[in-house]
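Trainee: Below: one structure in structure tokens.
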Amino acid sequence: MKLVVDIGNSNIVFGIFENKWKHVWRFETKKDKSALYYSLKLNELLWESGIAPENIEFKVVSSVVPKLKDVFVEVLDKLNDKPLVVLDRNIYDKLDIDIKNPLEMGTDLVANAIAAHKLYSGDVIIVDFGTALTFTVMDESGNISGVNIAPGLKTALNALVGNTAQLPKVPLEFPPQPIGTNTIEAIQNGILIGYIGLVKYMIKAIKTYLGSDYKTVVTGGMSSVIAPNIGEIDFIEPNLTLYGLLFAGQLVIV
């Protein structure tokens, strides 16, 4: 049994893997909370699921929130005495992918690349619908060619609502028709249909530039909503980042 922790700007995701993902827990990221707070949270989850900490074989953590990296190292060190892997540039030389700008690339994108390289053979474009919408391009040898970044759907929605006086915050779900008949539908169509167009054109531009038949893999919280409407997607894997952390742990702990 393995425990992986993906600390993002919006959410912290805990995953328990034993032949499959037995548990995936997602919580809002709270940057001001202490190691004690998160330790109690994690131990409560494990206890409620009947998981003894001593049965966890190894632990892996990745954080794009610098303040929480050391917090979770403390939490996971105290959980049990089994190996702990921190996914950062100190272990990149042990991975089976090539990262050209390790100081600039987020560890969540590195985890995605590790997973895509192992799960899907060939050239790949990884689209991650997170706080940011990212496009990571990697060839079949595991060389990361580059990354494109746009605001995520919820980030764009929050910016729109936060910078206007009369527009309400709305659920990100498709209205019954592609033309809004009220303010809520107008915002939903603008964000969702607009982002479908963004993703489709970005994938097309990348494939045209590289001149190769790249597979497209989609992950992230909004992937299940958007991906079926794009038509350019080969694989949808909501737990891609967690798989990458799992594989990183397996590569480092030998």
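Trainee: Between segment 7-24 and segment 111-134, how far is it from one alpha carbon centroid to the other, in angstrom?
Mentor: Distance between centres, Cα-based: 17 Å.
Trainee: Amide H neighbours of residue 58 under 5 Å, at least 5 residues apart or on other chains, H built in the peptide plane: list them.
Mentor: Under 5 Å from the amide H of residue 58: 3.
Trainee: Based on the alpha carbon coordinates of segment 2-86, what radius of gyration and maximum Cα-Cα distance (Dmax) apply, in Å?
Mentor: When restricted to the Cα atoms of segment 2-86, Rg and Dmax are 11.7, 34 Å.
Trainee: While we're looking at this one, here's another question. For segment 67-166, take N as its residue count and report Rg(C-alpha) divided by 2.2 N^0.38 Å. Numbers along the way, then the final one.
Mentor: Numbers: Rg = 16.8 Å, N = 100, 2.2 N^0.38 = 12.7 Å.
Working it through for segment 67-166, the quotient is 1.33.
Trainee: Let me ask something additional. In the neighborhood of residue 249, defined by Cβ-to-Cβ distances under 10 Å, what is the net charge if each Lys or Arg adds +1 and each Asp or Glu adds -1?
Mentor: Around residue 249, the surrounding residues sum to +1.
Trainee: Something else about it: Between the helical axis of 66-79 and the dominant principal axis of the chain, each derived from Cα atoms, what acute angle in degrees is found, rounded to the nearest 10?
Mentor: So the helix axis and the longest Cα principal axis differ by about 40 degrees.
Trainee: Given a cut-off of under 8 Å on Cα pairs at least six residues apart, what relative contact order in percent is computed for segment 2-86?
Mentor: Relative contact order of segment 2-86: 32 percent.
Trainee: Which angle between 0 and 90 degrees, to the nearest 10, do you get for helix 240-252 versus the longest principal axis of the chain when only C-alpha atoms count?
Mentor: 30 degrees
Trainee: While we're on this one: Using only helices, what value at 222 nm comes out for the chain when you add -39,500 (n - 2.57) per DSSP H run of length 4 or more and divide by the total residues, to the nearest 500 deg cm²/dmol?
Mentor: Rounded to the nearest 500, it is -12000 deg cm²/dmol.
Trainee: For segment 98-244, just say rounded, prolate or oblate: build the C-alpha gyration tensor, square-root its eigenvalues into a ≥ b ≥ c, call rounded for a/c under 1.5, and beyond that prolate if a/b exceeds b/c, oblate if not.
Mentor: prolate
Trainee: Using amide H atoms built 1.01 Å from N in the peptide plane, name the residues 5+ places from residue 63, or on other chains, whose amide H lies under 5 Å from its own.
Mentor: So residue 63 has HN proximity to 7.
Trainee: Right, here's the next one. Treat the count of other C-beta atoms within 10 Å as a stand-in for reagent exposure and order 21, 47 from fewest to most.
Mentor: Ascending Cβ contact count within 10 Å gives the list 47, 21.
Trainee: When only C-alpha pairs under 8 Å and at least 6 residues apart count, what is the relative contact order of the chain, in percent? Numbers along the way, then the final one.
Mentor: Values: 423 pairs, mean separation 48.6, N = 254.
Worked out over the chain, it gives 19 percent.
Trainee: Give me, ordered by chain and number, the residues 5 or more places off residue 215 or on other chains with an amide H under 5 Å from its own placed amide H.
Mentor: Under 5 Å from the amide H of residue 215 lie the amide H atoms of 123, 124, 125, each far enough along the sequence or on another chain.
Trainee: State the percent of C-alpha pairs, over all pairs in the chain, separated by a distance greater than 24 angstrom.
Mentor: When every Cα pair of the chain is considered, 50 percent fall beyond 24 Å.
Every number here is computed from the coordinates shown, using simple stated rules; none is lab data. Just so it is clear, the model here is predicted, and its values are computed rather than measured. Backbone-built Cβ (ideal geometry, glycine too); neighbour counts: all protein chains shown.
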